[in-house]
Amino acid sequence: MKINGRHYRTIWLDNDDPGLVRIIDQRRLPHALVLEDLRTVDDFCRAIKEMHVRGAGLIGATAGFAMYSATLAACGDDCNQFLQQAAAALKATRPTASNLAWAVERQLATLLPLETLAAKQAAAKATAQAIADEDAAACRMIGEHGRELIAAISRRKGGQPVNILTHCNAGWLAFVDYGSATAPIYAAHQAGIPVHVWVDETRPWLQGARLTAWELAGEGVPHTLITDNAGGHLMQHGKVDLVLVGTDRTTRQGDVANKIGTYLKALAAQDNSVPFYVALPSSTFDWHCRDGVREIPIEERSGDEVKFVTGVNHQGLDQEVLVAPAATPAANPGFDVTPARLITALISERGIMKAEEAEILRLYPEQQR
Ligand code: MRU
């Protein structure tokens with residue numbers, strides 16, 4: 001997507017230095033556009049764990065490039081052992097998004113059988129680039145399918161703006177480009193369909209306030225920032241036509257793990273007959289997982305993220321503020337699971353499907369077993 005007229009992806013290989021991967025440090029947005037260089041597996045692990053990069057698709061793409069960087073450091077007879085250690089370190093960074101393990105396993109399956117280091121390096125680079133390109137292409141297709149959905153609502157409303165509520169950031173910053181939940185919004189906006197987005201601020205890390213609002217402003221999409229608890233009230237008063245969110249892990253029966261608070265939006269949507277759609281590239285399916293509430297590992301993050309709020313002061317300087325008694329214990333589960341029964345449909349690059357195993361497998365027949 002464009003920043004100040006220049007096209008950016010969220011991660012890319014430097015043209016002049018093939019060992020260098022560049023990212024946008026998302027901790028600094030929206031106040032500063034800071035690019036960061038990643039070279040070593042440690043650099044990549046830190047960037048994922050400390051959320052310089054975040055969002056399921058981008059975490060997967062970052063892990064893909066990390067495995068390429070591991071091949072540049074690996075040498076001698078221990079090469080495969082080194083790659084397996086790098087894979088384990090990467091997989092331990094964040095537990096919930098399935099794209100991370102998916103990208104690492106894809107690299108390992110390609111690299112371990114290859115004989116020479118040169119062959120591993122070439123294959124790792126090609127695979128990392130393919131993971132990133134496929135992510136962008138999948139999100140673009142999600143946009144095409146989702147635009148039709150928004151167009152149909154717009155026709156029913158006689159061309160009045162379609163009010164879409166989204167939670168967290170499933171935008172281009174959470175992927176390599178376009179985003180999952182935002183791709184249909186961008187596609188509709190570009191097609192001249194009037195849309196307006198309610199942006200949940202998304203405590204505690206504020207992905208909505210800091211990232212989604214910034215993205216939508218950059219694309220000129222009308223939007224309004226709301227507190228996380230406002231959605232139910234807006235739905236009761238007919239101010240939400242559609243809830244559209246992303247997912248970090250999707251089970252074969254259609255349960256989704258997404259940013260904490262998503263489940264409550266789905267409950268409110270059902271109570272108010274508001275359609276609730278989830279957008280995802282296929283890489284977020286966990287085909288081994290069926291019951292999301294029981295089986296999906298939920299990341300527990302530091303309670304300090306709840307107790308401290310970070311922003312900039314009037315001078316534009318970063319400032320961290322304590323908003324609770326210093327000694328108060330805080331819990332910070334990063335995700336929750338929305339069961340399939342609360343989801344109207346899933347949108348992937350293959351099309352729109354009900355959140356039911358049979359329907360999902362109709363679009364993914366290769367996952368029958
Ligand atoms: O903790 P994050 O920012 O990595 O979590 C990301 C999300 O949960 C987003 O909601 C998104 O929908 C899923 S990632 C595409």
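Using 0.36 nm per residue of separation minus the Cα-Cα distance, give me the extension gain between Asp14 and Thr328 in nm, one decimal.
Once the chain is fully extended between Asp14 and Thr328, it gains 108.5 nm.
Between Val309 and Ala119, take the C-beta separation as r, use R0 = 41 Å, and let me know the FRET efficiency to the nearest 0.05.
For R0 = 41 Å, the calculated efficiency reads 0.25.
Between Ile226 and residues 5 or more places away or on another chain, which pairs have amide H atoms under 5 Å apart, with H built 1.01 Å from N, and which residues are they?
Amide H neighbours of Ile226, under 5 Å, 5+ apart: Val199, Asp200, Glu201.
Using helices alone, what [θ] at 222 nm do you get for the chain, with -39,500 (n - 2.57) per DSSP H run of 4 or more residues, divided over all residues and rounded to the nearest 500?
So the calculated ellipticity at 222 nm is -11500 deg cm²/dmol.
Can you grab the distance from the C-alpha centre of region 54-86 to the C-alpha centre of region 103-143, Å, no decimals?
Distance between centres, Cα-based: 11 Å.
Among Val197, Val309, Val162, which one shows the highest mean-square fluctuation when the chain is modelled as a Gaussian network with alpha-carbon springs under 10 Å?
Result for the chain, Cα springs under 10 Å: Val309 fluctuates most.
DSSP beta bridges in region 150-367, what fraction antiparallel, as a percent rounded to 5?
Roughly 45 percent of the DSSP beta bridges within region 150-367 come out antiparallel.
Whole Å is fine, so just give me how far the alpha carbon centre of region 221-260 lies from that of region 1-39.
For region 221-260 versus region 1-39, the Cα centre distance is 28 Å.
If the elastic network links every pair of Cα atoms under 10 Å, which of Asn99, Asn169, Asn332 fluctuates the most in the Gaussian network model of the chain?
Among Asn99, Asn169, Asn332, the largest mean-square fluctuation in the Gaussian network model of the chain belongs to Asn332.
Could you work out, for the chain, what percent of all Cα-Cα pairs fall into each 20 Å distance bin, beginning at 0 Å and stopping at the bin that holds the largest distance?
Bin by bin from 0 Å, the calculated values are 30, 58, 12, 0.
With a/c under 1.5 counting as rounded, go ahead and sort region 150-367 into rounded, prolate or oblate using the C-alpha gyration tensor (a ≥ b ≥ c being the square roots of the eigenvalues; past the cut-off, prolate if a/b is larger than b/c, else oblate).
Verdict is oblate for region 150-367.
Say a paramagnetic label sat at a point 7 Å from the Cα of Gln160, along Cα to Cβ; which residues of region 231-256 have their backbone N under 18 Å from it?
233-243
In percent, how large is the relative contact order of the chain, given Cα pairs closer than 8 Å and 6 or more residues apart?
15 percent
Considering the dipole of region 2-134 built from charges on the beta carbon (Lys and Arg +1, Asp and Glu -1) around the Cα centre, which of Ala74, Thr10, Ala130 is farthest to its positive end?
The residue sitting farthest along the positive end of the dipole is Thr10.
Just to check I understand the Karplus step: with θ = phi - 60° and J = 6.51 cos²θ - 1.76 cosθ + 1.60, what whole-Hz values come out for region 9-23, glycine and proline as x?
Values, residue by residue: 9, 7, 8, 7, 7, 5, 5, 8, 10, x, x, 10, 10, 10, 9 Hz.
Would you mind telling me which residue in Ala124, Ala97, Ala257 has the biggest mean-square fluctuation in a Gaussian network model of the chain, where springs connect alpha carbons within a distance under 10 angstrom?
Ala124
Order the peptides 243-255, 346-358 from the highest to the lowest mean number of other Cβ atoms within 10 Å of their residues.
243-255, 346-358
Among Asp77, Asp336, Asp318, rank each residue by its count of other Cβ atoms within 10 Å, from fewest to most, as a rough exposure measure.
Result, fewest neighbours first: Asp77, Asp318, Asp336.
Neighbour counts of other C-beta atoms within 10 Å: give me Tyr68, Tyr364 arranged from fewest to most.
With the sparsest Cβ surroundings first, the list reads Tyr364, Tyr68.
In this model, which of Lys265/Lys354; Lys239/Lys307; Lys91/Lys125; Lys2/Lys307 are farther than 27 Å apart at the alpha-carbon?
From the list (Lys265/Lys354; Lys239/Lys307; Lys91/Lys125; Lys2/Lys307), the Cα-Cα distance tops 27 Å for Lys239/Lys307; Lys2/Lys307.
To check you understand DSSP bridge types, tell me what percent of the beta bridges within the chain (both residues inside) are antiparallel, rounded to 5. If you can, show how the numbers build up before the last one.
Numbers: 24 of 43 bridges.
Antiparallel bridges: around 55 percent, rounded to the nearest 5.
Every number here is computed from the coordinates shown, using simple stated rules; none is lab data. Remember, it's a predicted structure, so these values are computed and weren't measured experimentally. Positions of Cβ are generated from backbone atoms using ideal geometry, with glycine treated the same way; all protein chains shown enter the neighbour counts.
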